[in-house]
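First up is the structure itself, then whatever we jot down about it.
The values are calculated or read from the model by the stated rules, or taken from the named source; none is laboratory data. The model shown is predicted, which means the values in this text are computed figures rather than measured ones. Heads up, the Cβs are rebuilt from the backbone with ideal geometry, glycines too, and the neighbour counts pull from every protein chain shown. With ligands, DNA and RNA removed, areas are computed over all heavy atoms of the protein, side chains included. Shrake-Rupley method; radii C 1.70, N 1.55, O 1.52, S 1.80 Å.
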Amino acid sequence: MTTAPVNTTAQAAMRLRELVFGAACAAAVRAVARLGVADALGDTPTSVTDLAAQLDTEPRQLRRLMRALTCYGIFSETGGDHFEHTEMSRLLREDAPNSLRYISLWCTEPWTWEAWPKLDEAVRSGRNVFPELFGKEFFDYLHSDAGDSAKVFDKAMTASSQQSAQDFADYLDLTGIDSVADIGGGQGHVLASLLEKHPALHGTLLDLPKVVAGADPRLQDGGAFSARARLVPGDCRTEIPVRADLYIIKNILEWDDDSTRRTLANVVAVARPGARVVVVENLVDNSPSMRFTTAMDLMLMLNVGGAKHSEESMVHLMEEAGLDVVAVRPVNPYLHAFEATVRV
């Protein structure tokens, strides 16, 4: 039986052409971020000639770069060879309140251009391709061979954590909670936001030794919240030596399922029955920004062999570990909170 050919519309063909040139858009965003174009452009339309002089670039090439980005709503051409900011281009400013400059740089670091073409191999084999490309696992490579990239990663993760910490602090109901433990909480931005909002609250930050050593200054000795904060170096996949009324696990359960199981099991092992556990994650099946979350999922497949969760997969792993999931609620457009208690 033969199938009649489907007529391809011009619109579909044009859209696919644009998509396969997606690398050009990502490269253009990276270029303006590295050049500091958004920082140099002020609040009024500015000529390319003036911008090029500030940035020490060729005017003709800068014009081509910015014109390409205007097609995506990043900068706007106002006529007379002048450009001005748009809502998106302002996010590339380093001083923007919700700056995405370092996120933009991180997602386009040099190693990404070598890894993405191997996506078919990762899909075929089920393994991350990073060791075959660079001779070592992702984080070993990052910290031993790619120091500049590691710095970008740290700044990107800090910016992302700071931006979501306040949203989470506003979301969380701490009625009846005297102590919280932020598991794998990085520099402790979430914990600091909670301690700031709840003056009677005590909290513990647990993360790897060198991560905890760089914790938010407000949590360290002499900091504003040091009397109510405890810093515990450790690996949550090995042990969680912390008892608390509430355990927070935010954006770290994206390793392989075995590591996720061990982390959740370690929480259940130390927590009292009935203690609250809140897991916060990006989801690949329940987000207004599915293009973003599914793209992150593919990047995790490539670099560490991890994965973003669906609501079903996250609930399954939590229930399997001995947690009773009572609700799944949005924290902001990109994050969901899985509210649970330790099974009695």
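For the stretch 257-290, enumerate the residues that are closer than 13 Å to K308 by Cβ and of a type in the set (D, E, K, R). The answer is D257, E281, D285. The number of residues in the stretch 258-284 being surrounded by fewer than 15 Cβ atoms within 10 Å (Cβ to Cβ) and farther than 20 Å from V326 by Cβ comes to 2. Residues considered: G184, G214, G222. Of these, the only one that is surrounded by fewer than 20 Cβ atoms within 10 Å (Cβ to Cβ), of a type outside the set (S, T, Y) and at positive phi is G222. Here S259 meets the list (1) modelled with pLDDT under 95; (2) within 22 Å of S161 (Cβ to Cβ); (3) part of a loop (DSSP other than H, G, I, E, B); (4) not β-branched (V, I, T) almost entirely, failing just condition (3). Answer yes or no: is there a residue in the stretch 119-126 that is open to solvent by 80 Å² or more (accessible area, probe 1.4 Å) and at pLDDT below 95. No; the residues of the stretch 119-126 include none that is open to solvent by 80 Å² or more (accessible area, probe 1.4 Å) and at pLDDT below 95. How about the stretch 160-201: which of its residues are under 24 Å from A96 (Cβ atoms) and in contact with an Asp or Glu (Cβ under 7 Å, 6 or more places away or on another chain)? Across the stretch 160-201, the qualifying residues are G186, Q187, G188, H189, V190, A192.
State all residues of the stretch 165-181 that are buried (at least 19 other Cβ atoms within 10 Å of the Cβ), part of a helix (DSSP H, G or I) and touching a strand residue (DSSP E or B) at 6+ places or on another chain (Cβ under 6 Å); if no residue qualifies, say none. Across the stretch 165-181, the qualifying residue is only F168.
Taking V190, is it open to solvent by less than 20 Å² (accessible area, probe 1.4 Å), in a helix (DSSP H, G or I) and either closer than 25 Å to G126 by Cα or of a type in the set (A, V, I, L, M, F, W, C) (or both)? Yes; evaluated as a whole, the condition is true for this residue. The number of residues in the stretch 226-253 being out of contact with any helix residue (DSSP H, G or I) (no Cβ under 8 Å at 6 or more places or on another chain) and surrounded by 21 or more Cβ atoms within 10 Å (Cβ to Cβ) comes to 2.
Let's see how each residue does on (1) surrounded by fewer than 19 Cβ atoms within 10 Å (Cβ to Cβ); (2) under 20 Å from A269 (Cα atoms); (3) touching a helix residue (DSSP H, G or I) at 6+ places or on another chain (Cβ under 9 Å); (4) in contact (Cβ under 8 Å) with a residue 60 or more places away in the chain:
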| position | (1), (2), (3), (4) |
| --- | --- |
| M299 | yes, no, yes, yes |
| K308 | no, no, yes, no |
| E319 | yes, yes, no, no |
| P330 | yes, no, yes, no |
| A337 | no, no, yes, yes |
| V342 | no, yes, yes, yes |
